[in-house]
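Taking it in order: structure first as structure tokens, then the write-up.
Laboratory data are not the source of any read-out in this text; all were calculated from the coordinates shown. Keep in mind that this is a model prediction, so the values were computed, not measured. Quick reminder, even Gly has a Cβ in these numbers, built from the backbone with ideal geometry, and neighbours come from all protein chains shown.
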């Protein structure tokens, strides 16, 4: 078995054993869901409902005229309680449709059963657009925009690397929803006109690799590519490089390189959208942490508050003092201080990190040039130099050392012996650089 | 419902756990074998010098950091490490005050006044040592021997013998395992290359250092002395080469950061060491070579800078073919 990878990066502890063998289970719907009007990269939706309206499961509740956007749907049936700004996982507040759940009306009942083979490309694209699909690996870019390309694309890459510690939602979906995954891949291949599809999976998921291989059978257009277990293998640029060998130059969109990358969850959602006409109203989320008594991979309604989800997994919310609650993976996810925040389409994980796993020391030292970050940086940058310049706000120098290429994977800060918050320093400097450039323009 | 006091800091939320104090402690542990052998052979002299250097290092660190109104960072062990290294590079006959002054110069001048750990361009221990070498001509008290006479045989170091020629060399195995050098300019750490290597192995296993710099230095010295018609094994196992290659030249702050840069740095040090040994009076060659190359580190970094992943070199035809298949 030829295992592919990229140069740089590093092996980091997995913490996947808590949930990697836990089958996907349905989490009960909460009594209230919060549907933010932005769950994607792009223009926010305008609400289509108002307080007091009755909504059905899967009903569209927000939409935008803009091209780069994705509609949002009610994840449960019930009554709209409010349309108002609500806390969002990035710390801001976002206009949201709040729905009081009718517990007898939470199941999505497919109105159609379509055969994708009999649909033309425009119909496939329309189904994906209407379902509000976005990248479910974290980037949340609208899938319709991604696949609606005018230039020829020869290759679809399905991202099953799942390189972040703790997360196992893609793993379980590959193992359990293999048929949907492979059919979904065929659907996306048709929409972009690709003749080849590679499904990249890190070798720490042998059951997923086996299952997908078996389902593909002797279809030569789809191939499983085993990937080395290395962070950040699942970042788009590195997946492209590892699987196709193609370089990913600065500013190049993947379509220009002749390929499109889609996450496992998105690919399965494409199947659901096309075959069953099902909008993206629920997703598999890994809820995990060393002290979570019922960790697992849960099918969760979009808009479920994180506090509710944690309680359902046996977490006592009163005992979370000095813990960290992270939405996403532990390397790039965001820490939360408000448990009312709802889970959205791109949230892969919900983690509880106990105090002993959290870095308590906020003080950091000057760089001692140990070289850990330089040897591990997957972009082959010099985080030592960049972070020192960023700290001093020497923006020209930081740019000269390619600060703008940084993908903020976090492996430098993870490894830093001087406890330097390298990613934070870089993010701050990047914001200033953007401000300056806007001034110039 | 009471709102729990959740911790909210920026990602990443995991840490490798390796920190500066752990790393410096590793170097301390790695220096234990040679320190113990030195104390075994030189007894009280060695012990007095080591203790004096450690105390001087701590005092210098506290005083200079306070003067510069910076938090005292004794807990990171870096100053103490400089102290121990200074004690080990001086001959055991050196007076304790000389070792102490060298340590204060190393920690205070070469490190703290240059900006502190991370900013110093020169190896602090070697810097302190070499300053003494220069100023001792005018300050004779620095050259006074330790009051306690050295125990053991007084004889020339193997390196000195190599350079004088005509003397009967001790067996190579003896040189490697350890023989007490006398009061001719031999460093305490020169007493047993084997003990230094045991510590070096620990540093390599703990991944505190990589092989590039030491291997480049030792291989260069070996090859060049072989070409020059000397006995290369005696050359690599005598003088400060082992300590220099594994403990001094590999200092994080004062050596290049990429493998390519490390190799260039190591080869250059090796060439300088051989030039010093063959062409100049045979003292301080290793220390001078490392310090000279310390000065060139920023230029080596610039010359060996690798392009960003986002700045790919034009694909070779072989790569294009591979990408197509």
antiparallel share of DSSP beta bridges within the protein assembly as shown, to nearest 5, in %, is 60
Tell me, what is the FRET efficiency for residue A:123 and residue A:149 to the nearest 0.05, using R0 = 22 angstrom and their Cβ-Cβ distance as r? 0.80
What percent does the relative contact order of region B:211-284 come to when contacts are Cα pairs within less than 8 Å and at least six residues apart? 46
Kirkwood Rh in Å, taken over region A:276-369 so that all alpha-carbon pairs contribute: 14.3
Under a crude label model (7 Å from the Cα following the beta-carbon direction), how far is residue B:172 from residue A:54 in nanometres? 9.6
Rg and Dmax [Cα atoms of the protein assembly as shown; Å; Rg one decimal, Dmax integer]: 31.7, 105
Counting only helical runs of four or more DSSP H residues, what would the 222 nm mean residue ellipticity of chain A come to if each run contributes -39,500 (n - 2.57) and the total is spread over all its residues? -7500 deg cm²/dmol
Taking every residue of A:164-170, the Cβ atoms of other protein chains inside 10 Å of its Cβ average out to 1
Averaged across the residues of B:19-26, what count of C-beta atoms belonging to other chains lies within 10 Å of each residue's C-beta? 3
Can you tell me which of A:102, A:318, A:219 moves the most in a GNM of chain A? Springs connect C-alpha atoms under 10 Å apart. A:318
Compute the FRET efficiency between residue A:250 and residue B:15 as 1/(1 + (r/R0)^6), taking r as their Cβ-Cβ distance and R0 = 25 Å, and round to the nearest 0.05. 0.25
Within 10 Å of each Cβ in A:360-373, how many Cβ atoms from other chains are there, averaged over the peptide? 5
Scaled radius of gyration (Cα, divided by 2.2 N^0.38 Å) that region B:1-149 gives: 1.29
At 0.36 nm per residue, minus the direct Cα-Cα distance, what do residue A:436 and residue A:356 gain on full extension? Give it in nm, one decimal, please. 24.8 nm
Rounded to the nearest 5, what % of DSSP beta bridges with both residues in chain A are antiparallel? 60
Between residue B:303 and residue A:26, what is the FRET efficiency for a Förster distance of 45 Å, r being their Cβ-Cβ separation, to the nearest 0.05? 0.15
Sorted on mean Cβ neighbours within 10 Å (highest first), peptides B:51-61, A:19-29 come out as B:51-61, A:19-29
State, in angstrom, two size descriptors of region A:10-161 derived from its alpha carbons: Rg to one decimal place and Dmax to the nearest whole number. 17.9, 52
With T = 10 °C, eta = 1.306 mPa s and Kirkwood Rh from C-alpha pairs, the Stokes-Einstein D of chain A in µm²/s is about 71
Spin-label point model (7 Å from Cα, Cβ direction): what's the residue B:3 to residue A:220 distance in nm? 6.2
Using Cβ counts within 10 Å as a stand-in for footprinting exposure, how do B:75, A:323 rank, fewest first? B:75, A:323
Could you work out which residue, out of A:351, A:299, A:425, moves most in a Gaussian network model of chain A, that is, has the largest mean-square fluctuation with Cα springs under 10 Å? A:425
Neighbour counts of other C-beta atoms within 10 Å: give me B:3, A:16 arranged from fewest to most. B:3, A:16
With a 10 Å cut-off between alpha carbons and a GNM built on chain A, which of A:399, A:312, A:324 moves the most? A:399
Would you mind classifying region B:21-61 by shape? Square roots of the alpha carbon gyration tensor eigenvalues, ordered a ≥ b ≥ c; an a/c under 1.5 is rounded, otherwise it is prolate if a/b is larger than b/c and oblate if not. oblate
Spin-label point model (7 Å from Cα, Cβ direction): what's the residue B:68 to residue B:206 distance in nm? 2.4
Subtracting the Cα-Cα distance from 0.36 nm times the residue separation, let me have the gained length for residue A:397 to residue A:340 in nm, one decimal. 16.4 nm
Highest mean first, how do A:410-418, A:58-66, B:92-100, B:110-118 rank when packing is the count of other Cβ atoms within 10 Å averaged over residues? A:410-418, B:92-100, B:110-118, A:58-66
